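This report refers to the structure that appears directly beneath it.
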Amino acid sequence: MGEIEQVLGGQLIDVRRNLHREPELSYEEFKTTEKLRKWLTDANIRMLDLPLQTGLIAEIGQGEGPIVAIRCDIDALPIEEQTGLPFASEVPGKMHACGHDFHTAVILGAAYLLKAREAELPGRVRILFQPAEETGHGAESVLASGGLEDVAAIFGLHNSPEMPAGSFGTRTGALTAGVDRFEITVKGIGAHAATPENGVDAIVTAAQIITALQTIVSRQNKAGEPVVLSVTRINGGFTWNVLPEMVELEGTVRTYNEEIRRIIPEKMTQIIEGIAAAAGAEASLHWYPGPPATINDGYWADFTKEIAKQSGYEVHDIAPQMGGEDFSLYLQKIPGAFVNIGTGPAYALHHPRFDVDETALLPAAKYFALLAEQALVKLKEKG
């Protein structure tokens, strides 16, 4: 490793640790955004004037050539850190437990490297520091800002604690699932627990609904189409001898297929309302759509793997994941690919002891700089 690379590697570690100490939740990334503005300004990298409250887009390159984008996410999670690291979160109840500090440092490093080659770039690279990925809706504000207009290809990353540093993974087609949230309200008639015949038991009704919902996955869905339906919260009752009037359920549905995703709320409603009617209760479904499945373009997914091999990564064609990612919203409008960079072994994402292998920072920054430049070359060749 040359002296310049050693300096950059140390700089990216410092950036990552700086961000890790001061995590900010979705839509609250004001201090993070200001840090990024300073780091980019100090490197003489221009930023686009966009209506974004948090997050930003920078641009490197000149002229009328093609435009590609590379994206990271900058928000943290409402988790109390338990790593014991010397640079652990200094903000109670907030932590970079998903590695977005790693992502940000990587893409900032790629920006530095691209800036050094700005005169040689056959087009422009948009550097996207996206807010609010953890809400599943941050990408919407970026798209609405107009900051990705005329972008011909887009690439993003997530760290993977399951893969060691030096590993790379992606695939053609669905990489992450569509993520939707639901709430179910069951309304019965309250009664003394000793005389349930005088009421309508909302708890029993809710229990039957929970069990029956699983038949959507096991009996109404094709075996070859992965679907997860999980009830994750039950809230009902206040004491031991009273049947409550109301029970609330909450959960999530994960799918890869958009047609299946569309019809699941209809099937859930049929089950919920049917069981409630049979019990003499009332029940309703409230559906909160999140980001769709992340569908990688086949050409660009193969391209990312080719550049990864050139960069010295051990490349894997990985299986689809049931986690969600709002990068999917970009891929609905712009061809591109989302990739995983190994940073493990470590605790799982969103764990209070999660950490990353910082030796993965510099190689990933070099990779994304090369990926962006070579994507411009390919697009230029295509005309």
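The values are calculated or read from the model by the stated rules, or taken from the named source; none is laboratory data. Just so it is clear, the structure is predicted and the values come from calculations on it, not from any experiment. Quick reminder, even Gly has a Cβ in these numbers, built from the backbone with ideal geometry, and neighbours come from all protein chains shown. Ligands, DNA and RNA are excluded from the accessible area calculation, which covers all protein heavy atoms including side chains. Shrake-Rupley method; radii C 1.70, N 1.55, O 1.52, S 1.80 Å.
Show the residue pairs that are 6+ apart or on different chains and have beta-carbon atoms under 8 Å apart, the first residue being within region 221-247 and hydrophobic (A, V, I, L, M, F, W, C), the second being surrounded by fewer than 12 Cβ atoms within 10 Å (Cβ to Cβ).
As it stands, the answer is VAL242/HIS192; LEU243/HIS192; VAL247/ASN235, since those pairs meet every condition given.
So GLN62 clears everything in (1) at pLDDT 95 or above; (2) open to solvent by 30 Å² or more (accessible area, probe 1.4 Å); (3) polar (S, T, N, Q) except one condition, right? Which one?
(1)
Scanning region 355-383 for residues that are at pLDDT below 95 and not basic (Lys, Arg), which turns out least open to solvent (accessible area, probe 1.4 Å)?
Looking at the filtered set, the residue picked out is GLY383.
Please work out which one of (1) open to solvent by less than 10 Å² (accessible area, probe 1.4 Å); (2) assigned to a helix (DSSP H, G or I) is the condition TYR112 fails and give its number.
In the conditions (1) open to solvent by less than 10 Å² (accessible area, probe 1.4 Å); (2) assigned to a helix (DSSP H, G or I), TYR112 misses (1) alone.
Hey, could you check region 211-225 for residues that are over 13 Å from GLY251 (Cβ atoms) and not polar (S, T, N, Q) and say which is least open to solvent (accessible area, probe 1.4 Å)?
If we take residues in region 211-225 being over 13 Å from GLY251 (Cβ atoms) and not polar (S, T, N, Q), then ALA212 is least open to solvent (accessible area, probe 1.4 Å).
For region 122-133, what are the residues that are on the phi < 0 side of the Ramachandran plot and crowded, with 21+ Cβ neighbours inside 10 Å?
Restricting attention to region 122-133, the residues satisfying the condition of being on the phi < 0 side of the Ramachandran plot are 122, 124-131, 133.
If the condition is that a residue be on the phi < 0 side of the Ramachandran plot and crowded, with 21+ Cβ neighbours inside 10 Å, then ARG124, VAL125, ARG126, ILE127, LEU128, PHE129, GLN130, PRO131, GLU133 are the ones that fit.
When residues of region 87-109 are filtered for being touching a strand residue (DSSP E or B) at 6+ places or on another chain (Cβ under 9 Å) and either polar (S, T, N, Q) or outside any helix (DSSP H, G or I) (or both), how many remain?
Filtering region 87-109 down to residues touching a strand residue (DSSP E or B) at 6+ places or on another chain (Cβ under 9 Å) leaves 88-89, 94-100, 102-108.
Next, from what is left, pick out any that are either polar (S, T, N, Q) or outside any helix (DSSP H, G or I) (or both): 88-89, 94-99, 104.
Residues meeting the conditions: 9.
Given the conditions (1) open to solvent by 30 Å² or more (accessible area, probe 1.4 Å); (2) in contact with a helix residue (DSSP H, G or I) (Cβ under 8 Å, 6 or more places away or on another chain), report the number of the one that ASP101 does not fulfil.
Unmet condition: (1).
Looking at region 127-144, is at least one residue under 13 Å from the mean Cα position of the chain (by Cα) and hydroxyl-bearing (Ser, Thr, Tyr)?
yes
Residues of region 125-141 being in contact with a helix residue (DSSP H, G or I) (Cβ under 9 Å, 6 or more places away or on another chain) and among the β-branched types (Val, Ile, Thr), which ones?
VAL125, ILE127
Quick check on this structure: which one of ALA207, ALA132, ALA193 is free of Cβ contacts under 8 Å to residues at least 40 places away in the same chain and farther than 22 Å from ALA301 by Cα? Quick ask: steps written out before the conclusion?
Values: ALA132 fails: free of Cβ contacts under 8 Å to residues at least 40 places away in the same chain; ALA193 fails: free of Cβ contacts under 8 Å to residues at least 40 places away in the same chain.
Among ALA207, ALA132, ALA193, only ALA207 is free of Cβ contacts under 8 Å to residues at least 40 places away in the same chain and farther than 22 Å from ALA301 by Cα.
So which residues in region 346-383 are within 22 Å of the chain's Cα centre (by Cα) and in a loop (DSSP other than H, G, I, E, B)?
Within region 346-383, ALA346, TYR347, ALA348, LEU349, HIS350, HIS351, PRO352, ARG353, PHE354, ASP355, VAL356, ASP357 meet the criteria.
Of the conditions (1) assigned to a loop (DSSP other than H, G, I, E, B); (2) open to solvent by less than 20 Å² (accessible area, probe 1.4 Å); (3) touching a Gly at 6+ places or on another chain (Cβ under 7 Å), PHE338 fails just one. Which one is it?
Among (1) assigned to a loop (DSSP other than H, G, I, E, B); (2) open to solvent by less than 20 Å² (accessible area, probe 1.4 Å); (3) touching a Gly at 6+ places or on another chain (Cβ under 7 Å), the lone unmet condition for PHE338 is (1).
Specify which of the listed residues (GLU90, GLU80) is under 21 Å from ASP355 (Cβ atoms), surrounded by fewer than 16 Cβ atoms within 10 Å (Cβ to Cβ) and touching a Pro at 6+ places or on another chain (Cβ under 8 Å).
Details: GLU90 fails: touching a Pro at 6+ places or on another chain (Cβ under 8 Å).
Sole residue among the options that is under 21 Å from ASP355 (Cβ atoms), surrounded by fewer than 16 Cβ atoms within 10 Å (Cβ to Cβ) and touching a Pro at 6+ places or on another chain (Cβ under 8 Å): GLU80.
I need the full set of residues from region 235-284 which are of a type in the set (D, E, K, R), within 14 Å of ALA202 (Cβ to Cβ) and buried (at least 19 other Cβ atoms within 10 Å of the Cβ), in order please.
none
For the subset of region 185-199 comprising residues that are touching a helix residue (DSSP H, G or I) at 6+ places or on another chain (Cβ under 6 Å) and surrounded by 19 or more Cβ atoms within 10 Å (Cβ to Cβ), which member is farthest from LEU243 (Cα to Cα)?
Across region 185-199, the extreme among qualifying residues is VAL186.
One residue is enough: does region 72-86 have a residue meeting the conditions in a helix (DSSP H, G or I) and touching a residue at least 60 places away in the same chain (Cβ under 8 Å)?
no
Determine if region 309-323 includes at least one residue that is surrounded by 16 or more Cβ atoms within 10 Å (Cβ to Cβ), among the basic types (Lys, Arg) and more than 18 Å from the chain's Cα centre (by Cα).
no
Does THR54 fit the bill of being of a type outside the set (Phe, Trp, Tyr), part of a helix (DSSP H, G or I) and either surrounded by fewer than 22 Cβ atoms within 10 Å (Cβ to Cβ) or out of contact with any Cys (no Cβ under 9 Å at 6 or more places or on another chain) (or both)?
When the stated conditions are applied, THR54 does not pass them.
In region 30-48, what residues are of a type in the set (A, V, I, L, M) and not in a helix (DSSP H, G or I)?
ALA43, ILE45, MET47, LEU48
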